[in-house]
Amino acid sequence: MPVRSGALGAELSPNTVEITPRMLLAFAAGVGDLGPRTFDDAGPHPLIASPGFCARLEWAVLGSGRASLLGVEEGERLRAVHVEQDTTYHAAIRPGDRLTTSGRVVSLRETSAGVLVRTLLSTVDASSGRPVVTSWHASIYRGVSLLGEGCAIEEPPTTPEVKVAAWRDVVLPVAREAAHVYSECAAIWNPIHSERRVALAQGLPDVILHGTATWALAGKEIVARCAEGDAFKLTRLRARFKAPVFPGHAITLQFAAGSHGLVPFRVLNHKGEVAVDAGLAQLEA
């Protein structure tokens, strides 16, 4: 079924969660983020969330609820591909926080591959309304048309241009079971990431790693190498997802230290294809 243009501006059902050490430690374990602030709840510094943890909160809002608003069927929902994530961190996420995540469809556009849907997601302190995380999330519903005119009612923030003279390469292993582990540790489930039968039925050659997992892997590695392992210093992490990452094959993170705390990056899959492009991490100077 085509995506309804009337879904533009629609609000997704909000979700409120009380953050526990178990949630934070499980997510960090799922992406191998063993940093002193993200994987040691008895260390000298208070435990905080690994950079990609917000995806767990956002998925609880996106899930199947967005598909219902758009008017797509279950099979069409399974064909949706996450193509862009741009997250700004306003405050660290800690155990005991009670957070509410809400979302709104802010852009619909028909492309040659399907309909691009951009959602603005906001996570705030449930009591005070204090901003914690803001994310711009874009997905393409492959093979689906748009009923009505495409339009955007809000646009994501601009991205500073950083010239790269030379990349630094870091090879990161990705275990065969990585997508299954991430699915459970992040509470983000889509069968194309864990069930080969479903992945093959959707035209994929194998299960693929979640875009947010690759994004989180890049983020935690940049924090480790450019911010002394202190995730508290990360204020923004954006990326565009272009090619699949297949579990069981290593990926290559390429990054360069720019000025004013800007770290451009990209990720290559095992075939040398650019899996993550236009990556940018912003660190406190």
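What follows is calculated from the coordinates using simple rules that are stated; it is not laboratory data. Predicted model only: the values in this text are computed from it and were never measured. Reconstructed Cβ throughout: ideal geometry from the backbone, glycine too, with neighbour counts over all protein chains shown.
Using Stokes-Einstein with the Kirkwood hydrodynamic radius over Cα pairs, what translational diffusion coefficient do you get for the stretch 126-217 at 10 °C and a viscosity of 1.306 mPa s, in µm²/s rounded to a whole number? Present the calculation step by step, with values, prior to reporting the outcome.
Working: Rh = 17.4 Å.
In µm²/s, the coefficient rounds to 91.
Under 8 Å for C-alpha pairs, at least 6 residues apart: give me the relative contact order for the chain, rounded to a whole percent.
On the way: 666 pairs, mean separation 58.4, N = 285.
Rounded, it is 20 percent for the chain.
Hydropathy at least -0.5 by Kyte-Doolittle, axial extent at least 15 angstrom from the Cα trace: which helices of the chain, defined as entire DSSP H runs, fit?
Details: long enough: 211-226 (22 Å, 0.45).
Taking the DSSP H segments of the chain (at least 15 Å long, mean hydropathy at least -0.5), we get 211-226.
Under the rule a/c < 1.5 gives rounded, and otherwise a/b versus b/c splits prolate from oblate, where does the stretch 1-63 land using the Cα gyration tensor?
Values: a/c = 3.97, a/b = 2.80, b/c = 1.42.
Prolate, because a/c is 1.5 or more and a/b exceeds b/c.
Based on the alpha-carbon gyration tensor of the chain, what equivalent-ellipsoid semi-axes (square roots of 5 times the eigenvalues) come out, in whole Å, largest first?
On the way: eigenvalues 151, 99, 75 Å².
Working from the Cα gyration tensor, I get semi-axes of 28, 22, 19 Å.
If a/c stays under 1.5 just call it rounded; otherwise compare a/b with b/c (prolate if a/b is bigger, oblate if not). Do that for the stretch 132-282, with a ≥ b ≥ c from the square roots of the Cα gyration tensor eigenvalues.
oblate
Once you've got the GNM for the chain with C-alpha springs shorter than 10 Å, pick whichever of Lys163, Lys271, Lys233 has the biggest mean-square fluctuation.
Taking springs between Cα atoms under 10 Å, the residue moving most is Lys163.
May I ask you to compute the full-extension gain from Ser127 to Trp167, defined as 0.36 nm times their residue separation minus their alpha-carbon distance, rounded to one decimal in nm?
Numbers: separation 40, 0.36 × 40 = 14.40 nm, distance 4.36 nm.
Between Ser127 and Trp167, full extension yields an extra 10.0 nm.
Under 26 Å between alpha carbons, and skipping anything fewer than 8 positions from Lys233 in its own chain: which lysines qualify?
Lys163, Lys220
For the chain, what is the percent of antiparallel DSSP beta bridges, rounded to the nearest 5? Write down the numbers at each step before the final one.
On the way: 65 of 67 bridges.
Of those bridges, close to 95 percent are antiparallel.
Quick check: the distance between the Cα centres of the stretch 238-268 and the stretch 62-96, to the nearest angstrom?
A separation of 21 Å, based on Cα centres.
First measure r as the distance between the Cβ atoms of Glu155 and Arg94, then evaluate 1/(1 + (r/R0)^6) with R0 = 35 Å and state the FRET efficiency to the nearest 0.05.
0.65
Stick to the Cα atoms of the stretch 33-160, pair each with every other, and give me the Kirkwood hydrodynamic radius in Å at one decimal. Let's see the in-between values first.
Working: mean 1/r = 0.0619 Å⁻¹.
Kirkwood hydrodynamic radius for the stretch 33-160: 16.2 Å.
So what is the calculated 222 nm ellipticity per residue for the chain, using -39500 (n - 2.57) for each DSSP H run with n of 4 or more, over all residues, to the nearest 500 deg cm²/dmol? If you can, show how the numbers build up before the last one.
Details: 7 runs with 61 residues, N = 285.
After summing the helix terms and dividing by the residues of the chain, the value is -6000 deg cm²/dmol.
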